[in-house]
Amino acid sequence: MEHVTEGSWETLPVPLHPRVLGVLRDLGFPYMTPVQSAAIPLFLKNKDVAAEAVTGSGKTLAFVIPILEILLRREEKLKKSQVGAIIITPTRELAIQIDGVLSHFTRPFPQFSQILWIGGRNPGEDVARFKQQGGNIVVATPGRLEDMFRRKAEGLDLASCVKSLDVLVLDEADRLLDMGFEASINTILEFLPKQRRTGLFSATQTQEVESLVRAGLRNPVRVSVREKGVAASSTQKTPSRLENYYMVSTRRRSHCSLRFCVLTAGSSQPSPCFPEDGVITVGAHGLPPPAVEEWVASDHALCPSCSTCACVEYYGKALEALVKGTEVMCIHGKMKYKRDKIFTGFRGLQSGILVCTDVMARGIDIPEVDWVLQYDPPSNASAFVHRCGRTARIGHGGSALVFLLPMEESYVNFLAINQKCPLQEMSLQKSTADVLPRLRAMALADRAVFEKGMRAFVSHVQAYAKHECSLIFRLKDLDFAALARGFALLRMPKMPELRGKQFADFVPVDINTDTIPFKDKMREKQRQKLLEQQRKEKTENEGRRKFIKNKAWSKQKAKKKKKKKMNDKRKREEGSDIEDEDMEELLNDTRLLKKFKKGKITEEEFEKGLLTSGKKSVKAADSGIADL
Ligand SMILES: Nc1ncnc2c1ncn2[C@@H]1O[C@H](COP(=O)(O)OP(=O)(O)OP(=O)(O)O)[C@@H](O)[C@H]1O
């Protein structure tokens, strides 16, 4: 393990508690990683630490161990309700993971209690748990932690409880800022005592992180850890054991990635849509081609690959049908309550595919992940490094692959310069059977699949339009017809980006897509009922329309003008002129996100808002009018 090279824990200049050493022995970690050997002594000498180290280099223990040691060295013992340490991390999954690591170390010290505060759970219960069990060490997401400071009326005076705080850790600091938590963090910092140790950990440092370092840390010592064997001048952000590839597909990106997933997962029964002779070779740089068996032997394939929740839903559904004998799971940010369960479930699997958005891109530690497939390039370049970092973690090898269109190939150079992240080209050489006819057949047979595909396409186009590297990812150059074929669409969706365009290369199906039923009988029954209701309303409105027609034309004109004005205003405000409820939901979510980023609403309110708009969309889908 080239990461674990820094001598045994006993060689630290400040000795660790024998029971901490015992836990490390039980975990089978006899040696430290570089970031651990650098950061732990600094913390224990009362320094603030700003640490940057590649993904999977053991940053969690670099702050968990000092927290324990500092609390153990306190002169005044902590009371149940006194908070001695807080770890803030951007996502729930990360918080759960850190809480799990921490519990190994608090187990031999029953005098310390720990508590997890994350969104998606009942805040009232969080308060009750704290009052009952205490929380000397808090692991939290920023929104929920900020919310907890406002729960005085429920009997939790957190501002008083944190007066005893010794250590604050900001994990994945750049992500905390990317996700718009700056306002929450600043509010939280105001409650915390200045006399504390602060640690800031990240795999990628940005300008914004620098400001946070200045705001939250006092004379920090900076730790920047490079891997052994990597030149001192190099600032490569990805682990050296990571084989990082890109594949340029002249065909559709989605098609390629789906085929790749099918192959990688290595179905136990040969998939009807994928021949057994698919050969993948590494091109350009002359490396030997990995044998197909190598892919097939994959344990976990993780794909934090999609930029949007709708794409995750669609690819999840597609892969479920295409990959036999391998479990396919989906996680995205719009899932409210089942996210924890799915995440834990995936970790417990022998092998599987996790289709996810960037909620899984950071910090998530599933050591056996062999492949990270990126269906589309993430919206910002540092997220690319984090996505890849879900594989090739300590002591393990791993590979990552991003699918690019020919017009996007300069992204490879951009990553090499901007992120010091070199990629090698890989190409799928033999032409293989098409997965798309199968997906089209699925969409024809089930409205749920049809609608998922349409939504995925729309959301993908919209995400593409907002890409940070708009010079490389140019919406105007996107081949919409090829994209639609890649999503196995039955017809082109109606959306402003496509208005007035012709798609000679896209052949829509020869049926009215409104007639495609849901496979789920109940859903279809509801849809039919709603369609009937709409038909009735339409007939009733006919009479009214005639009446309007008989009105003075000047009046009709005024009404039309008013309507146009309202529509224009809405378009200006929302940047969209799509009429259906899905778009409304999307816009509503965007508005919520903006408010949340500006700190105008709490994480809780944000999630509640998402849930309400999600419900609306289910209604729309059920009614069958969500046909975008
Ligand atoms: N000293 C050690 N020896 C062996 N394995 C270790 C050691 N320290 C940590 N690990 C293991 O290495 C893996 C990665 O650790 P961790 O999740 O802390 O990495 P990280 O640097 O926080 O990664 P990321 O930047 O992706 O969040 C974990 O599975 C952890 O158990």
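The values are calculated or read from the model by the stated rules, or taken from the named source; none is laboratory data. Bear in mind that the values here come from a model prediction, so they are computed numbers and not experimental data. A quick note on method: Cβ atoms are made from the backbone with ideal geometry, for glycine too, and the neighbour counts reach across all protein chains shown. Calculation scope for accessible area: heavy atoms of the full protein, side chains included, ligands and nucleic acids excluded. Shrake-Rupley method; radii C 1.70, N 1.55, O 1.52, S 1.80 Å.
For the criterion of being at pLDDT 90 or above and open to solvent by 50 Å² or more (accessible area, probe 1.4 Å), VAL507 passes.
Annotation note: of VAL54, VAL83, VAL101, the sole residue that is touching a strand residue (DSSP E or B) at 6+ places or on another chain (Cβ under 9 Å) and within 16 Å of the ligand (Cβ to nearest atom) is VAL54. Could you tell me whether THR187 is at pLDDT 85 or above and either basic (Lys, Arg) or surrounded by fewer than 17 Cβ atoms within 10 Å (Cβ to Cβ) (or both)? Spelling it out, THR187 is indeed at pLDDT 85 or above and either basic (Lys, Arg) or surrounded by fewer than 17 Cβ atoms within 10 Å (Cβ to Cβ) (or both).
Using the structure shown, decide if ARG527 is assigned by the TED database to the domain that holds SER379, touching a residue at least 40 places away in the same chain (Cβ under 8 Å) and not hydrophobic (A, V, I, L, M, F, W, C). Considered against the rule, which asks whether it is assigned by the TED database to the domain that holds SER379, touching a residue at least 40 places away in the same chain (Cβ under 8 Å) and not hydrophobic (A, V, I, L, M, F, W, C), ARG527 comes out as no.
Hey, any hits in segment 14-34 for a residue that's within 10 Å of the ligand (Cβ to nearest atom), closer than 18 Å to SER113 by Cα and free of Cβ contacts under 8 Å to residues at least 60 places away in the same chain? Scanning segment 14-34 turns up no residue that is within 10 Å of the ligand (Cβ to nearest atom), closer than 18 Å to SER113 by Cα and free of Cβ contacts under 8 Å to residues at least 60 places away in the same chain.
Out of ALA203, ALA140, report the one residue that is under 24 Å from ILE364 (Cβ atoms), small (Gly, Ala, Ser) and modelled with pLDDT of 95 or more. Outline the logic, then answer.
Values: ALA203 fails: modelled with pLDDT of 95 or more.
On inspection, the qualifying residue turns out to be ALA140.
Filtering segment 443-466 to residues that are closer than 16 Å to GLU524 by Cβ and assigned to a helix (DSSP H, G or I) leaves ALA443, LEU444, ALA445, ARG447, ALA448, VAL449, PHE450, GLU451, LYS452.
Scanning segment 409-443 for residues that are loosely packed, with under 14 Cβ neighbours inside 10 Å, of a type in the set (Ser, Thr, Tyr) and at pLDDT 85 or above yields one hit, SER410.
Residues in segment 384-403 that are aliphatic (A, V, I, L, M), within 16 Å of the ligand (Cβ to nearest atom) and at pLDDT 80 or above: how many? Residues in segment 384-403 being aliphatic (A, V, I, L, M), within 16 Å of the ligand (Cβ to nearest atom) and at pLDDT 80 or above: 2 in total.
Whether any residue in segment 62-76 is within 11 Å of the ligand (Cβ to nearest atom) and small (Gly, Ala, Ser) is what I want to check.
First pass over segment 62-76, keeping only residues within 11 Å of the ligand (Cβ to nearest atom): 62-65.
Add one more test, that the residue is small (Gly, Ala, Ser), and what stays is 62.
So far as segment 62-76 goes, yes, one or more of its residues are within 11 Å of the ligand (Cβ to nearest atom) and small (Gly, Ala, Ser).
Within the group GLY143, GLY155, GLY124, which residue is buried (at least 17 other Cβ atoms within 10 Å of the Cβ) and not hydrophobic (A, V, I, L, M, F, W, C)? Spell out the reasoning first.
Working: GLY155 fails: buried (at least 17 other Cβ atoms within 10 Å of the Cβ); GLY124 fails: buried (at least 17 other Cβ atoms within 10 Å of the Cβ).
Selected residue: GLY143, the only one of GLY143, GLY155, GLY124 that is buried (at least 17 other Cβ atoms within 10 Å of the Cβ) and not hydrophobic (A, V, I, L, M, F, W, C).
Only one entry in GLU182, GLU172 is of a type in the set (D, E, K, R), surrounded by 15 or more Cβ atoms within 10 Å (Cβ to Cβ) and in contact with a Phe, Trp or Tyr (Cβ under 8 Å, 6 or more places away or on another chain), namely GLU172.
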